[in-house]
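These notes concern the structure reproduced below.
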Amino acid sequence: MSSETKKPAIPALKMQNVITLTARLAQLLAEEVDFLSEMKVSKIEALQNEKLFLVNALEAQRKLIDKHPHLVETIPSQDKQDLKEVVEVFNNILAENHRKLLLAKEVNHKIVQAITDVVMKNTRRMAYDGKGLTGIAPYETLSVTLNKRV
């Protein structure tokens, strides 16, 4: 046995994997943009597991670089250029995705507000006032009947 302790091997940074993961994530976001444009929000859920997997895989690569910053120096220039191009496409799609999500959220809010307004207008209840006369009570009013003896 040697007295030297073995140092753990530094993992290799595989930039092609990062490029592929980023490109696939951009593809998924583009699909999501299409679904949002078509207001097929229910189809977006099917993309979430793969998106989460890709984000976690990219996060693992980022942590590897944070832990071993010198690995950046080992990236071939062509891979750096390819990554730069993929990231530019990704950022454009991400911005479009963000705009579409905000639009879908606003549309959803307006629909909910319209439904709420219709429900409030159509659910007015008849109530007695202090003089025993009937009238329309506001939506939030709770009608209570008391049974009291004199």
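What about I10, is it β-branched (V, I, T), assigned to a loop (DSSP other than H, G, I, E, B) and modelled with pLDDT under 95? Criteria met by I10. Restricting attention to region 46-80 and to residues that are among the polar types (S, T, N, Q) and touching a residue at least 12 places away in the same chain (Cβ under 8 Å), the residue that is surrounded by the fewest Cβ atoms within 10 Å (Cβ to Cβ) turns out to be T74.
The values are calculated or read from the model by the stated rules, or taken from the named source; none is laboratory data. On a predicted model such as this, the values are computed, not experimentally measured, just so you know. FYI the Cβ positions are ideal-geometry reconstructions off the backbone, even for glycines, and counts take in every protein chain you see.
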